[in-house]
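Below is one structure, written out as structure tokens, with a few remarks after it.
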Amino acid sequence: MPSPDRPTGVETSMRRAATPLLMRHILGASFALLVGCGGHHADPSSTAIAPVTEDAVFVVNGDDASLSVISVATDEVVGTIKLGNVEYPHHVYLSSDGETMLVAVPGADLSGGHSGGHGGHGDGGGAVVVLDASTGALKAARRLDAPNHNAIYAQDGSIWTTQIASPGEVLILDPATLSTTSMLVAGNDPAEVTFSSAGTRAFVANTASDSVSVFDAASGALIDTIAVGVGPVGAWPAADGNMYVDNETGKSLTVIDAATLVVEQTIALGFTPAVAAIAPNGELWVTDTDNGKLVFLRASDGMKLGELATGAGAHAIAFSGDGAKAYVTNQLANSVAVVDIASKIVSETVTVGAKPNGIVFRGR
């Protein structure tokens, strides 16, 4: 835990952190702060679809700026939401009531990895897009000064997102206006910001600092900075009370107890992890993006239990509400694998848009 005189990292006034030269080269010039500048800087937009009234998963297709909607009942695409004036949308998160969803737009192709060598050139800034979770209609949008990997709702309804810079920032946004209410200082090049399963702590993976910053979700105070493996991208919350940090460059997982903030174990993988999750059967499932597989581990000690090929560039995982199916995005195969959890077989492969990455389940 930090000493009493350790800085909290909370600052109420906005400042613009300098983006490292490497990130500027990779990602291009920064976005302007908003509104309608023409060309790629025109306001983000979306094309609404008929209301989705069934259990579905929403898949973000990075390379064609769209979301595919897959029916859980039929495992077929039942709609496609197109986003306009944005490049390379990445991850998607739902509000607690399931009424709105957040899409982060880093402005660069991240399918080649998050730490170092991003795979393409986008507008260079970031953006947060708020959509109606039933129709995909645009509710609000804001462009940011630097790229962001995700945007996520806190328990109080505020929106948290990162700014990839050195030092990095976490912006807390008003959910109605998307104006900045607080800015927190994180480590270098923060990627994902996530919350513990209890929702009381925010975990920010600092890719260039090989650390995770932990903030109090209510006050924004910095609680601790935890050293992890090389090139962490996300600290993924799980029902077992742990956060599973995927260290892309180090090809490992760091397991942090979300309550005590103690590193419980480090699991050497030998492949680049994308997302880790505790499946409904209690196993630790990790996507192996190098080899297009799901890898099954025993959560208590990281012992490998098996693996399953899903598709090239396996990335994100979502589970159906009944715990019977898992959906895995395959970025380099333009598909989503539907995995029967009981038998651990791919029951369907659903063709979606180009380079699918983020995915979320929405129940009705």
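The values are calculated or read from the model by the stated rules, or taken from the named source; none is laboratory data. For clarity, every value in this text was computed on a predicted model and none was experimentally measured. We place every Cβ from the backbone using ideal geometry, glycine too, and count neighbours over all the protein chains shown. What goes into the accessible areas is simple: the full protein's heavy atoms, side chains included, and nothing from ligands, DNA or RNA. Shrake-Rupley method; radii C 1.70, N 1.55, O 1.52, S 1.80 Å.
Observations, loosely collected:
- Scanning the range 315-324 turns up no residue that is touching a residue at least 40 places away in the same chain (Cβ under 8 Å), outside any strand (DSSP E or B) and under 22 Å from Ile164 (Cβ atoms).
- Ala208 being in contact (Cβ under 8 Å) with a residue 24 or more places away in the chain and open to solvent by 10 Å² or more (accessible area, probe 1.4 Å): yes
- Checking Ala227 against (1) open to solvent by 10 Å² or more (accessible area, probe 1.4 Å); (2) touching a residue at least 40 places away in the same chain (Cβ under 8 Å); (3) out of contact with any helix residue (DSSP H, G or I) (no Cβ under 9 Å at 6 or more places or on another chain); (4) of a type outside the set (S, T, N, Q), the condition it does not meet: (2)
- Qualifying residue in the range 179-189 (condition: in contact with a strand residue (DSSP E or B) (Cβ under 6 Å, 6 or more places away or on another chain), in contact (Cβ under 8 Å) with a residue 24 or more places away in the chain, β-branched (Val, Ile, Thr) and within 22 Å of Thr225 (Cβ to Cβ)): no
- Among the residues making up the range 57-106, those that are farther than 18 Å from Thr351 by Cα and in a strand (DSSP E or B) are Leu83, Gly84, Val92, Tyr93, Leu94, Thr100, Met101, Leu102, Val103, Ala104.
Matching residues to (1) at pLDDT 95 or above; (2) more than 17 Å from Pro356 (Cα to Cα); (3) basic (Lys, Arg):
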site: Leu269; (1), (2), (3): yes, yes, no
site: Trp285; (1), (2), (3): yes, yes, no
site: Leu294; (1), (2), (3): yes, no, no
site: Ala299; (1), (2), (3): yes, yes, no
site: Gly306; (1), (2), (3): yes, yes, no
site: Gly311; (1), (2), (3): yes, no, no
site: Ala314; (1), (2), (3): yes, no, no
site: Ala318; (1), (2), (3): yes, no, no
site: Lys325; (1), (2), (3): yes, yes, yes
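- Filter result (open to solvent by less than 20 Å² (accessible area, probe 1.4 Å) and among the hydroxyl-bearing types (Ser, Thr, Tyr)) within the range 230-271: Tyr244, Ser252, Thr254
- Conditions (1) buried (at least 22 other Cβ atoms within 10 Å of the Cβ); (2) closer than 19 Å to Val60 by Cα; number of the one not met by Leu294: (2)
- Restricting attention to the range 87-109, the residues that are over 18 Å from Phe319 (Cβ atoms), in contact (Cβ under 8 Å) with a residue 24 or more places away in the chain and surrounded by fewer than 24 Cβ atoms within 10 Å (Cβ to Cβ) total 5.
- Filter result (part of a loop (DSSP other than H, G, I, E, B) and within 15 Å of Ala227 (Cα to Cα)) within the range 190-208: Thr207, Ala208
- Whichever residue in the range 70-85 is open to solvent by less than 70 Å² (accessible area, probe 1.4 Å) and without any contact (Cβ under 8 Å) to a residue 60 or more places away in the chain and, among such residues, is farthest from Val105 (Cα to Cα): Ser71
- Members of the range 44-56 that are in contact with a strand residue (DSSP E or B) (Cβ under 8 Å, 6 or more places away or on another chain), outside any strand (DSSP E or B) and not β-branched (Val, Ile, Thr): Pro44, Ala48, Ala50, Glu54, Asp55
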